[in-house]
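For reference, the structure discussed in these notes is given below.
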Amino acid sequence: MTAPVARADAGPRPTRSALVLTVATAVLVGALLVGVLVGPAGLTPRSVLLDLLDAIPGVRVDSGLSAQQHAILWQIRLPRVVLGALVGATLAVAGAAYQGVFRNPLADPYLLGVSSGASLGATVAIVAGGAGLAYGVPVAAFVGGVLAVAATYLLGRSIGGVRSEVVIILAGVAVAAFANAIQTFLMQRYDETLRQVYSWLLGRLSTDGWTDVEVVLPYVVVAAAVILLHRRTLDVMAVGDVEAASLGVNPGRVRLVLVGAATLGTAAVVSVSGLIGFVGIVVPHAIRLVVGPGHRLLLPLSLLLGAAFLVLADVVARTAVAPAELPIGVVTAAIGAPFFLLVLRRTRGTG
């Protein structure tokens, strides 16, 4: 007789997992539709839907949009919605990966200093004249993000030991403050870049066509693929490094690969979106409250619902004070700051 070990470790039932993923996909599709349909420029929802249908091969309908309105839809609104989905998905799945790697529920790209380091790297590239090279800014942002997360991890371990909980977050705050200080100095020294760099500090999803989407898409695909391929390994590592090693997992190598992938994706999206905080905390923890901590379902759901969350947050940013526009970082902070305090309280209560 065989013991039902595999059944016990299998996590959610396949039918339940498929249902949850289907619902999450429907939520994302709904959010994308809302993002495309809502906005200024006199585009009615009916006209937008008809124009989207007209883009399907073999379908010919008259949307009634003028050439200018058609350009607004396809060169401004749609790229912004797609970029928001990519940024939200990356920040959420990176946050879930960081939390699994460090076994710390408070870890996310913003609090670990990755976002600030990546933003500093992008700022250095712009100041050095790299803004004209579309692929140069994300590379510089990646270098800055890697250095920041490496500094955070080494500083946290040197102070708090291997199993530090809050210390690594405090180290991330210190690293982020240091990166922000250097960035502020560069902004004052090279004030011709002040407006462009300052917009990153507040977060924005303004686009000029599909260039930003094309720039970050390869980084996002690679990062998401690597993280999703390690979702079972993260469940094994949750029991501890010693136990994971006894099961054939190399914790050090896995940690390096996942931190590198999460940093790659975060650095790329931060280079075009700026500092959009708390997505990596709000989305994964909201999902855990519903489906539990298993990464086999947590990571793909973070990808889908993180995209939906930021697209809807951008809708709020565009419409809350219309015709003006709120920085999207303000919207995510207004939602994420209270949620972070709730998570901190729950973590302290269970610690």
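No lab work stands behind these numbers, since they all come straight from the coordinates. Bear in mind that the values here come from a model prediction, so they are computed numbers and not experimental data. Every residue, glycine as well, gets a Cβ built from its backbone with ideal geometry; the counts of neighbours run over all protein chains shown.
Figures for the structure shown
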read-out: Share of pairwise Cα separations in the chain, more than 26 Å, in percent; value: 50 percent
read-out: Karplus-derived 3J(HN,Hα), 6.51/-1.76/1.60, for each residue of segment 142-159, Hz, glycine and proline x; value: 5, 4, x, x, 4, 4, 5, 5, 5, 5, 4, 5, 5, 5, x, 5, 5, 8
read-out: Spin-label model distance (nm) - Leu21 vs Thr211, 7 Å beyond Cα toward Cβ; value: 3.7 nm
read-out: Between 0 and 90°, nearest 10: helix 279-291 axis offset from the chain longest Cα axis; value: 70 degrees
read-out: Linear extension gain, Val242 paired with Gln68, 0.36 nm per residue minus alpha-carbon span; value: 56.5 nm
read-out: Relative contact order %, the chain, counting alpha carbon pairs below 8 Å whose residues are six or more apart; value: 28 percent
read-out: Cα centroid of segment 244-270 to Cα centroid of segment 302-337, whole Å; value: 28 Å
read-out: Listed residues Ala322, Ala96, Ala224, most fluctuating in the chain (Gaussian network, C-alpha, under 10 Å); value: Ala322
read-out: Vicinal HN-Hα couplings computed from phi for segment 242-247 (Karplus, 6.51 cos²θ - 1.76 cosθ + 1.60; Hz; Gly/Pro x); value: 5, 5, 5, 5, 5, 9
read-out: Residue of Leu304, Leu53, Leu28 that the Gaussian network model of the chain assigns the largest fluctuation, springs spanning Cα pairs under 10 Å; value: Leu53
read-out: Relative contact order, percent, segment 50-164 [alpha-carbon distance under 8 Å, six or more residues apart]; value: 16 percent
read-out: Simple label model, 7 Å out from Cα along Cβ direction - Leu53 to Ala174, nm; value: 6.1 nm
read-out: Amide H partners (placed H, <5 Å) of Leu205, local residues excluded; value: Ile328
read-out: Cβ-derived FRET efficiency at R0 41 Å, Ala337 paired with Gln75, nearest 0.05; value: 0.75
read-out: Calculated [θ] (222 nm, deg cm²/dmol) that DSSP helices of n ≥ 4 give over the chain, each run adding -39,500 (n - 2.57); value: -24500 deg cm²/dmol
read-out: In Hz, Karplus ³J(HN,Hα) per residue of segment 213-228 (6.51, -1.76, 1.60; θ = phi - 60°; x = Gly, Pro); value: 5, 5, 5, 8, 4, x, 5, 5, 4, 5, 4, 5, 5, 4, 5, 5
